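Mind having a look at this structure? Questions to follow.
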Amino acid sequence: MEIADFFHGGMLNAVDAKGRVSLPSAFRGVIDRRASRDEYPDDKIIKIGPHEKFDCLQAFDATFSRKLYLNIERRVAAMGEGVDMMSAMDEAQLDAFGSVSDVAYDAGGRMVLSPLLRSMAGIGDLAYFVGAGETFQIWNPDAFRAAHGDKPRLIRTLDFLLAERGGKA
């Protein structure tokens with residue numbers, strides 16, 4: 001995988017009352033480049049679900065879904081003898097994939113965050129998209145500040161984007 005195929009940076013986008021928001025173009029570019037080497041080059045779907053650790057959404061494409069599955073397989077295999085491998089696989093896959101939704105986006109990057117997804121992350125009229133390498137996160141800006149207030153480089157980016165919109169910094 002080339003370095004250009006990672007999600008970088010932070011972008012702040014408006015969310016309308018119906019949950020419509022634009023997927024940042026830089027993130028669409030990463031997804032499109034990955035898909036061009038994949039078996040589904042025209043697939044305009046991302047997977048979005050609650051982050052395991054933070055009060056935000058985690059998003060990824062089919063490339064990362066496969067990697068996640070292979071990681072689950074390795075972890076279950078490492079459990080060793082005495083473990084019901086089928087049950088362990090079922091449980092691990094349910095945990096990893098059970099709360100993840102397929103979300104379609106159009107050529108302009110417009111997508112809809114369902115009421116369920118928005119409620120999972122407390123997203124209101126602004127969504128803060130943050131690159132996290134192979135995945136990206138979608139945050140309520142206030143929740144991001146609360147979770148990462150001890151990381152000034154991250155907060156400076158958020159503050160700048162909020163100030164650009166005329167919001168609080």
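The values are calculated or read from the model by the stated rules, or taken from the named source; none is laboratory data. Note that this is a predicted model, so its numbers are computed, not measured. Here Cβ is always computed from backbone atoms with ideal geometry, including for glycine, and neighbour counts include all displayed protein chains.
Considering G133, G124, which residue is small (G, A, S) and either closer than 23 Å to G29 by Cα or touching a Lys or Arg at 6+ places or on another chain (Cβ under 6 Å) (or both)? Before the answer, list the steps.
Numbers: G124 fails: either closer than 23 Å to G29 by Cα or touching a Lys or Arg at 6+ places or on another chain (Cβ under 6 Å) (or both).
Just a single option satisfies the conditions, and that option is G133.
Could you list all residues from segment 74-118 that are of a type in the set (A, V, I, L, M) and more than 29 Å from P24 (Cβ to Cβ)?
V76, A77, A78, M79, V83, M85, M86, A88, M89, A92, L94
Just wondering, is there one or more residues in segment 143-159 that are of a type in the set (A, V, I, L, M) and under 13 Å from the mean Cα position of the chain (by Cα)? Show your work before the answer.
Filtering segment 143-159 down to residues of a type in the set (A, V, I, L, M) leaves 143, 146-147, 154-155, 158.
From the residues that got through so far, the ones that are under 13 Å from the mean Cα position of the chain (by Cα) too are none.
No, because not a single residue in segment 143-159 is of a type in the set (A, V, I, L, M) and under 13 Å from the mean Cα position of the chain (by Cα).
When the residues of segment 69-127 are narrowed to those that are acidic (D, E) and over 29 Å from A143 (Cα atoms), which ends up modelled with the lowest pLDDT? If you could, list the steps in order and put the result at the bottom.
Residues of segment 69-127 that are acidic (D, E), as a first pass: 73, 81, 84, 90-91, 95, 102, 106, 125.
Keeping just the survivors that are over 29 Å from A143 (Cα atoms) gives 73, 81, 84, 90-91.
Numbers: E73: 91, E81: 78, D84: 87, D90: 92, E91: 91.
Filtering segment 69-127 for residues that are acidic (D, E) and over 29 Å from A143 (Cα atoms), the one modelled with the lowest pLDDT comes out as E81.
Each row is one residue, and each column tells you yes or no for (1) at negative phi; (2) surrounded by 14 or more Cβ atoms within 10 Å (Cβ to Cβ); (3) in contact (Cβ under 8 Å) with a residue 60 or more places away in the chain.
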site	(1), (2), (3)
A17	yes, no, no
V21	yes, yes, yes
K47	yes, yes, no
G80	no, no, no
D84	yes, no, no
S87	yes, no, no
V112	yes, yes, yes
L117	yes, yes, yes
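Please enumerate the residues belonging to segment 89-101 that are surrounded by 11 or more Cβ atoms within 10 Å (Cβ to Cβ) and of a type outside the set (F, W, Y). I'd like the intermediate steps shown before the answer.
In the first step, residues of segment 89-101 are kept if they are surrounded by 11 or more Cβ atoms within 10 Å (Cβ to Cβ); the result is 89-93, 95-97, 99-101.
Result: M89, D90, E91, A92, Q93, D95, A96, S99, V100, S101.
Within segment 132-169, can you find the residues that are closer than 15 Å to I48 by Cβ and not hydroxyl-bearing (S, T, Y)? Break it down stepwise before answering.
Step one: filter segment 132-169 for residues closer than 15 Å to I48 by Cβ, giving 132, 134-140.
Once the filter is applied, which keeps residues that are closer than 15 Å to I48 by Cβ and not hydroxyl-bearing (S, T, Y), segment 132-169 yields A132, E134, F136, Q137, I138, W139, N140.
If I filter segment 119-141 down to residues being part of a helix (DSSP H, G or I) and touching a strand residue (DSSP E or B) at 6+ places or on another chain (Cβ under 7 Å), which single residue comes out as surrounded by the most Cβ atoms within 10 Å (Cβ to Cβ)? Don't jump to the end; show me each part of the working.
We begin by selecting, within segment 119-141, every residue part of a helix (DSSP H, G or I); these are 119-121, 141.
Restricting the remaining residues to those that are touching a strand residue (DSSP E or B) at 6+ places or on another chain (Cβ under 7 Å) gives 120-121, 141.
Details: M120: 20, A121: 24, P141: 21.
The selected residue is A121.
Return the residues of segment 142-169 that are in contact with a helix residue (DSSP H, G or I) (Cβ under 9 Å, 6 or more places away or on another chain) and either in a helix (DSSP H, G or I) or within 24 Å of R28 (Cβ to Cβ) (or both); say none if nothing qualifies.
Let us first name the residues in segment 142-169 that are in contact with a helix residue (DSSP H, G or I) (Cβ under 9 Å, 6 or more places away or on another chain), namely 143-145, 148-149, 154-155, 158-159, 161-162, 167-169.
Scanning segment 142-169 gives A143, F144, R145, H148, L154, I155, L158, D159, L161, L162.
To continue, here is another question. What's the number of the condition D106 fails, among (1) exposed (fewer than 12 other Cβ atoms within 10 Å of the Cβ); (2) closer than 17 Å to A14 by Cα; (3) in contact with a Phe, Trp or Tyr (Cβ under 7 Å, 6 or more places away or on another chain)?
The single condition D106 does not satisfy is (3).
Further question on the same structure: Can S65 be described as within 27 Å of A146 (Cα to Cα), among the hydroxyl-bearing types (S, T, Y) and under 12 Å from the mean Cα position of the chain (by Cα)?
On the way: within 27 Å of A146 (Cα to Cα): no; among the hydroxyl-bearing types (S, T, Y): yes; under 12 Å from the mean Cα position of the chain (by Cα): yes.
Taking the combined requirement at face value, the residue does not satisfy it.
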